[in-house]
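Taken together, the values in this text are just the output of simple stated rules run on the coordinates, not laboratory data. Worth saying up front: this structure is predicted, and the values here are computed from it rather than measured. Cβ placement follows ideal geometry from the backbone for every residue including glycine, while neighbour counts extend to all protein chains displayed.
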C-alpha cells in the first residue's frame, strides 16, 4: 500500500485496491517470520515469543503535513526521507518489533490521512487502536489549534481506555517555531495526557514516544498485581537520561 505522504516519495495510489490479508495457523509455524520477511526482506533467527497477546495497534493522527509519515519512517527504518511527497490516502500501516522488559512486542502502526475528505475512512479504525499518537507541527498554528477537534473525534470514536499522547513535531525547525513548548504542555495537562516535542528529521524523542506507549500497553495486558506503570514519570526519566547521555 504505497500511499505515504509526509515521509516517503510514492507513486499514485488507488484507494479502491486497499485490502487486508490475515495470516492464520498454529503457533510456531512461522507466521511472524513470514510477515517480517515480506515487510523487511530479512529472516530474524532465534527464539520468538508467540505473537498472540503481545501485539498492539498504534494510530498516528493529526492534520495533513504535520509529519506523521516521516515520524513513522524514522521509527521504522531510522531514516528521514525528504523531497516531494503525496498526501497519505486513507490509511496505511507498518509493523515494528520492539523489546519491552525482555519480551518481544509487535507494534502495528497505522498512518492516517489528515485531510477532511478521508475522515470517514479513518474513523472506522479508531476503535481497533489501543494507542493514539496525536501530532501537530510546531511551525503551524492551525495544526495546533485543530488538536481540540482531533481530541473530540478521539473521544467519540475510540476505545474509552485508549492511550493518548500529544506530540509537537518538527522541533528541529526552531527558526520557524510558532507554538511554544509551554503551550503544548498546557494543552496536554488540560486533557491529562503525556506530551513531548519530537523531530522526525533528527529522531529526537521518536523512539521514546513509541516505547512509552508500548510499555503502557504491555503493562495493561500483564498481571494486575504488578506495580502500576506511570507513563508520565517514564517519559520524564528518559528525557533526563537523553539530556545527560544523548540517548534519543
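Side notes on the structure shown:
- Using the Cβ-Cβ distance between residue 230 and residue 191 with R0 set to 25 Å, the FRET efficiency works out to roughly 0.90.
- Area projected by the alpha carbon convex hull of the range 54-245, averaged over all directions, nm²: 11.0
- Contact order relative to length of the range 54-245, as percent, for alpha carbon pairs under 8 angstrom and 6 or more apart: 23
- When peptides 196-206, 152-162 are ranked by their average number of other Cβ atoms within 10 Å per residue, the highest-first order is 196-206, 152-162.
- Descending by average beta-carbon neighbour count within 10 Å, the peptides 137-145, 230-238 line up as 137-145, 230-238, the highest first.
- Gained length - residue 127 relative to residue 183, 0.36 nm times residue gap less alpha-carbon distance: 17.3 nm
- In percent, rounded to a whole number, the relative contact order of the range 155-197 is 52, using alpha-carbon pairs under 8 Å and six or more apart.
- Full-extension gain in nm, residue 237 to residue 145, via 0.36 nm per residue minus C-alpha separation: 30.2 nm
- Fully extended contour minus Cα-Cα distance, from residue 152 to residue 176, at 0.36 nm per residue: 5.8 nm
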